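The structure appears right after this line, and notes come after that.
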Amino acid sequence: MAGWWQALAQRRRAAALTRRAIPDPLWDATLAQLPFLAAWPAEALARLRTLASLFLDRKEFTGAGGFVVDDGVALSIALQACLPVLELGIDQYDDFIGIVVHADSVVAQRRATDEDGIVHQYEEVLAGEAMEGGPVMLSWADAAADAPDHHQGEGQAAFNVVIHEFAHVLDLRDGVADGVPLLAGHREREAWRSQLMPAYDWFCERTVCGHASSVDAYGAQSPDEFFAVASETFFVRPRALNEEQPALYRLLSGYYRQDPAAY
C-alpha cells in the first residue's frame, strides 16, 4: 500500500511540474533581477526552480484593486518564497493557499489595548502580512526586484519582503507568532529560545544606540519580527550576518539546513 501511495505522489508531482513548467527565458529574466542569487550553484538553482513550479501549482494568486499578477510577478514571488524551504520542503506551506498582491503598500486599521485597558486605534502601513491559515499579502511595489529598498549598499540592512513574510508563515506553523518555528518538541523549542533571545537582546541594544546593522531595525519590535528580518539577511546578505552575529547565523543555518554564506 505504501508503494502505491508513493507512486501516486510521484505521478502527481510529475503532472504538477508539467503543468507549471517555467520557460527558460522567464526563469533567466527572473534570476537576473535577484543578484543575491548570482553566486548560487547550478544544482541548488535547479532544485529551487522545481520547488517554484510546485509552489505555483499549489497556490492561488489574486491581484487586489485591479492589479494584474502576470507570470513574471508570480514567478518572482514563488522563487523567493521557496528559498526558505529549499531544504525543508514545499509541504511547509500546506497550511495556506492564497497570496494577495497589491500594487502598493496597504494601510491597515489597527486596534490595541494598553495596560490600563484603554483601546487605541491607529493606522499601519504594510508592505506585507502573513496570517495563520493565510492568505499572505504582499505589496508588489515593495516586493519587486527594482523596489528602491532592494538596492541598499554595504553597511545597510537587507530588505526582502517576500522572504520576510514567508519566514512569518514558518513561524506561525505552531500557531504562535513568537520567533520560534515549528520544532520537534519542548526541548528543541527551549534550545532555540536560548540562542535566539540573546541575539535579539544584543540587537535591540545596538538598535537603540543607533548602530548600523545588516538586519533591519524593524526586528527590534519583537522576537517574531527579529526572526523574519534576520531570515531576510540570512538569504540576501549572508556573509554580513555571519560576520555580525555568527551564533545567529549558525542557528538559522541549522534550521533552514542551508549555508548561503558559503556561496
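Observations, loosely collected:
- Selected residue [of a type outside the set (S, T, N, Q), part of a helix (DSSP H, G or I) and loosely packed, with under 13 Cβ neighbours inside 10 Å] from ALA46, ALA52: ALA46
- The single residue among ALA191, ALA184 that is surrounded by fewer than 21 Cβ atoms within 10 Å (Cβ to Cβ), more than 16 Å from ASP216 (Cβ to Cβ) and either at pLDDT 95 or above or in contact with a strand residue (DSSP E or B) (Cβ under 9 Å, 6 or more places away or on another chain) (or both) turns out to be ALA191.
- Of the residues making up the range 1-29, those that are over 20 Å from ILE90 (Cα atoms) and surrounded by 10 or more Cβ atoms within 10 Å (Cβ to Cβ) are PRO23, LEU26, ASP28, ALA29.
- Of all residues making up the range 22-43, the number that are assigned to a loop (DSSP other than H, G, I, E, B) and closer than 23 Å to PRO84 by Cβ: 7
- Criterion: closer than 25 Å to GLY175 by Cβ, at pLDDT 95 or above and either exposed (fewer than 14 other Cβ atoms within 10 Å of the Cβ) or of a type outside the set (Asp, Glu) (or both) - qualifying residue of LEU241, LEU251: LEU251
- Filtering the range 208-222 to residues that are part of a helix (DSSP H, G or I) and crowded, with 21+ Cβ neighbours inside 10 Å leaves only GLY219.
The values are calculated or read from the model by the stated rules, or taken from the named source; none is laboratory data. None of the values given here were measured: they were computed from a predicted structure. Note that each Cβ is placed from the backbone with ideal geometry, even for glycine, and that neighbours are counted across all protein chains shown.
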